[in-house]
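First up is the structure itself, then whatever we jot down about it.
The values are calculated or read from the model by the stated rules, or taken from the named source; none is laboratory data. Note that the coordinates shown come from a computational prediction; the quantities given were computed from them, not determined experimentally. When we count neighbours, we look across all protein chains shown, and the Cβ atoms used for this are built from the backbone with ideal geometry, even at glycine.
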Amino acid sequence: MDLSLYKRIAEIFPLVDYVHLQGWGEPLHNPSLPEMIRIARESGCKVGLTTNGVLIDDKMAEFLLENLDRITFSLGGASKETHERIRVGSSYERLLSRIKMMSKGKKGERPIIAITFQLTRENIGELSHVVRLAYELGVNEVIAPNVDYVPNKEVEKIVVFSCSKPDKNFLRKIEEAEKIAKELGITFGKRSLEMMESPMCAEDPLESAFISVEGEVSPCVYLNLPTLEEKIERIFCGREIRINKKIFGSLTEKSFEEIWSSPEYREFRDHFRRRLSAWKGPVDIFSLSEEMPPLPESCKTCYKAYLI
Ligand code: SF4
């Protein structure tokens with residue numbers, strides 16, 4: 001994203017609590033990143049990002065430590081072999097040394113240093129090791145999300161969640177890691193391995209929005225993925241789905257307020273508002289309540305709408 005567009009977006013920052021400088025790529029590739037972080041901080045926002053750590057040198061580490069509220073590192077495995085197979089192009093040793101450098105350089109409570117470890121059939125066996133490794137590296141949080149965007153059948157084969165009943169062995173591995181995290185004083189974030197009905201998805205479109213590098217405004221990144229095709233392809237419980245991107249306007253043409261208050265965007269958010277009002281408590285996907293207002297069409301086949 002170029003800086004002039006970012007400055008237009010920054011006009012709404014005084015109304016925003018938290019800015020996460022990332023979409024579907026590596027934020028440190030943007031040479032304007034330090035300036036972007038400064039602008040968000042000067043507007044009173046908390047700022048965070050997720051990185052593979054490759055581009056963090058000593059100077060950048062010092063800057064990030066001073067200016068971020070949260071930094072999350074993407075780890076593919078607790079061993080060099082698994083990490084480098086899953087995160088192609090990333091050096092395990094370098095990533096660990098960057099995490100350690102950041103945690104050692106911290107002067108107070110912030111930034112929160114987190115590891116995100118996306119669970120697959122290939123690496124879930126290393127989850128407890130990741131928690132121990134995080135402890136050794138001085139990390140505050142381990143987040144263990146699912147592969148929640150499934151673009152094709154190949155990716156579908158490696159997910160650990162289930163559209164019917166979850167694998168008990170996988171559940172045990174998560175429980176075990178959670179227990180170790182508790183003992184070590186590390187915050188542990190997990191998702192469900194079973195589809196559950198929920199009134200709101202993790203991205204919370206009532207409180208947040210995604211703005212692409214081109215300035216397009218959407219409820220979340222999953223509705224404006226940087227695909228070559230016009231449509232977004234998804235596999236949802238074995239079915240191949242193609243959905244239209246959901247873009248409510250571009251900041252190159254309109255203000256954020258105009259886009260946010262457009263009838264179409266309001267109608268999208270109202271689905272979730274109505275669901276929150278009707279919510280009576282968690283049920284599994286086989287016991288969906290009849291009174292529950294439906295999700296927006298493009299969310300019905302998004303795993304994040306079901307706590308995955
Ligand atoms: S349910 Fe999925 S597609 Fe819909 S807003 Fe949430 S994350 Fe985005």
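Among the residues examined, Ser128 does not qualify as buried (at least 16 other Cβ atoms within 10 Å of the Cβ), in contact with a Leu (Cβ under 9 Å, 6 or more places away or on another chain) and not hydrophobic (A, V, I, L, M, F, W, C). Residues in the range 286-308 that are within 14 Å of the ligand (Cβ to nearest atom), assigned to a helix (DSSP H, G or I) and either at pLDDT below 75 or surrounded by fewer than 17 Cβ atoms within 10 Å (Cβ to Cβ) (or both): Glu297 alone.
Among the residues of the range 71-87, the one identified as at pLDDT below 90 and closer than 14 Å to Gly25 by Cα is Arg87. State whether the residues of the range 256-275 include one that is of a type in the set (A, V, I, L, M, F, W, C), at pLDDT 95 or above and more than 14 Å from the ligand (Cβ to nearest atom). Taking every residue of the range 256-275 in turn, at least one turns out to be of a type in the set (A, V, I, L, M, F, W, C), at pLDDT 95 or above and more than 14 Å from the ligand (Cβ to nearest atom). Annotation note: of Glu35, Glu66, the sole residue that is acidic (Asp, Glu) and touching a helix residue (DSSP H, G or I) at 6+ places or on another chain (Cβ under 7 Å) is Glu35.
Cβ separations smaller than 8 Å between residues 6+ apart or across chains give the following pairs from the range 295-308 residues that are closer than 23 Å to Gly189 by Cα to residues that are near the ligand (Cβ under 7 Å from one of its atoms) and aromatic (Phe, Trp, Tyr): Cys302/Tyr222; Lys304/Tyr222. Quick one: how many residues across the range 98-120 are in contact (Cβ under 8 Å) with a residue 40 or more places away in the chain and not in a helix (DSSP H, G or I)? Matching residues across the range 98-120 total 13. All of Arg41, Arg94 fail the test of being within 21 Å of Gly138 (Cα to Cα), among the basic types (Lys, Arg) and in contact (Cβ under 8 Å) with a residue 24 or more places away in the chain, apart from Arg94. Test Glu267 against the stated conditions and say whether it is part of a helix (DSSP H, G or I), touching a residue at least 24 places away in the same chain (Cβ under 8 Å) and exposed (fewer than 14 other Cβ atoms within 10 Å of the Cβ). So Glu267 does not fit the description; no. Scanning the range 9-27 for residues being in a loop (DSSP other than H, G, I, E, B) and in contact with a Cys (Cβ under 9 Å, 6 or more places away or on another chain) gives a total of 2. Taking the conditions (1) in contact with a Gly (Cβ under 8 Å, 6 or more places away or on another chain); (2) of a type in the set (D, E, K, R); (3) under 28 Å from His83 (Cα atoms) in turn, Arg8 satisfies each one other than (3). Looking across the range 224-255 at every residue that is outside any strand (DSSP E or B), within 14 Å of the ligand (Cβ to nearest atom) and of a type in the set (Lys, Arg), the one that is nearest to Val150 (Cα to Cα) is identified as Lys245. Within the option set Val221, Val213, being within 13 Å of the ligand (Cβ to nearest atom) and surrounded by 14 or more Cβ atoms within 10 Å (Cβ to Cβ) holds for one residue only, Val221.
For the range 157-187, a residue qualifies if it is of a type in the set (A, V, I, L, M) and within 16 Å of Ser128 (Cα to Cα), and the qualifying residues are Val160, Leu171, Ile174, Ala177, Ile180, Ala181, Leu184, Ile186.
Restricting the first member to the range 198-226 and to residues that are closer than 11 Å to Arg269 by Cβ, and the second to residues that are surrounded by 20 or more Cβ atoms within 10 Å (Cβ to Cβ) and of a type in the set (Val, Ile, Thr), the beta-carbon pairs closer than 9 Å and six or more apart or on different chains are Ala209/Val217; Ala209/Ile259. Residues that are assigned to a loop (DSSP other than H, G, I, E, B), modelled with pLDDT of 95 or more, within 16 Å of the ligand (Cβ to nearest atom) and crowded, with 16+ Cβ neighbours inside 10 Å do occur in the range 176-191.
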